Amino acid sequence: MGSRDYLFKVLVVGDAAVGKTSLVQRYSQDSFSKHYKSTVGGQERFTSMTRLYYRDASACVIMFDVTNATTFSNSQRWKQDLDCKLTLPSGEPVPCLLLANKSDLSPWAVTRDQIDRFSKENGFTGWTETSVKENKNVNEAMSLLLSLTSSLFPRVLIEQMMANTREGSTSLPTQGDYINLQTVSTPGWTCC
Ligand code: GDP
Ligand code: MG
């Protein structure tokens, strides 16, 4: 019997300019551009996402900029928005990593203790500091997320989802020979 391949949708959210696009570029193409121009350059704001955007995601990254306290506190709002709109088919919250990005810069606007407490209080799977610029902890964080994700999908559940797919309901899309990280742009998405 041939093997089956699954596509997992991983959300990358957080305020504008924290490094989301850079993360995806770094992870998928191993490149970094400091000249990348944000569509909404300079704005820091939380925007509630549509359920459609979150639908069928199996893991999430919430990212903030360690030099910008507002992006840190807004991570709580991103997490709450996520949790009230998305659960796994099992009813569990989706695994969600908090990434403290731009760790190469100083001074930091938050301490590691604060981040640690915040991560626990808000139900994150864990947190780590990253520098997409210096390629620090990017692959490690993504590998961790994918291993958490696949361990949450026991064979029986995957087969059930496949059956749902065949019946035409929405489920994890399957495609190709790989597990892919994907971000999705929707009209409601103001950060890309
Ligand atoms: P997005 O709006 O969240 O998608 O953020 P971008 O990926 O567009 O990044 C915003 C800016 O931050 C860009 O100028 C990036 O080059 C820069 N940036 C992203 N990650 C890092 C990092 O780890 N360190 C530093 N110093 N700059 C970064
Ligand atoms: Mg972007």
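The values are calculated or read from the model by the stated rules, or taken from the named source; none is laboratory data. What you see is a predicted model; the values in this text were computed from it and never measured. Cβ sites come from the backbone with ideal geometry, for glycine too, and all protein chains shown count toward neighbours.
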I'm checking my understanding of the structure. Among residues of the range 111-138 that are more than 13 Å from ligand 1 (Cβ to nearest atom) and assigned to a loop (DSSP other than H, G, I, E, B), which one is farthest from the chain's Cα centre (by Cα)?
THR111
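Take GLU159 and decide whether it is away from ligand 2 (no atom under 16 Å from the Cβ), modelled with pLDDT of 85 or more and assigned to a helix (DSSP H, G or I). Walk me through how you get there before you give the answer.
Numbers: away from ligand 2 (no atom under 16 Å from the Cβ): yes; modelled with pLDDT of 85 or more: no; assigned to a helix (DSSP H, G or I): yes.
Spelling it out, it is not the case that GLU159 is away from ligand 2 (no atom under 16 Å from the Cβ), modelled with pLDDT of 85 or more and assigned to a helix (DSSP H, G or I).
With the range 1-95 as the region, which helices (runs of 4 or more DSSP H) entirely inside it contain at least 2 residues that are modelled with pLDDT of 85 or more and within 13 Å of ligand 1 (Cβ to nearest atom)?
On the way: elements: 20-29, 51-54, 69-85.
In the range 1-95, the matching helices (runs of 4 or more DSSP H) lie at 20-29, 69-85.
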Please determine whether any residue of the range 92-108 is touching a helix residue (DSSP H, G or I) at 6+ places or on another chain (Cβ under 7 Å) and of a type in the set (Phe, Trp, Tyr).
no
Run down LYS34, LYS9, LYS20 and say which single residue is in contact with a strand residue (DSSP E or B) (Cβ under 9 Å, 6 or more places away or on another chain), within 16 Å of ligand 2 (Cβ to nearest atom) and not polar (S, T, N, Q).
LYS20
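Of the residues that sit in the range 96-110 and are within 16 Å of ligand 2 (Cβ to nearest atom) and assigned to a strand (DSSP E or B), which one is farthest from the chain's Cα centre (by Cα)?
In the first step, residues of the range 96-110 are kept if they are within 16 Å of ligand 2 (Cβ to nearest atom); the result is 99, 101-102.
With the extra rule that they be assigned to a strand (DSSP E or B), the set shrinks to 99, 101.
Details: LEU99: 9, ASN101: 13 Å.
Looking at the filtered set, the residue picked out is ASN101.
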Looking at this structure, is THR149 modelled with pLDDT of 95 or more and among the β-branched types (Val, Ile, Thr)?
no
Pairs with Cβ under 6 Å, 6+ apart, first in the range 70-97 and buried (at least 20 other Cβ atoms within 10 Å of the Cβ), second among the hydroxyl-bearing types (Ser, Thr, Tyr)
LEU86/TYR54; PRO95/THR125; CYS96/THR125; LEU97/THR125
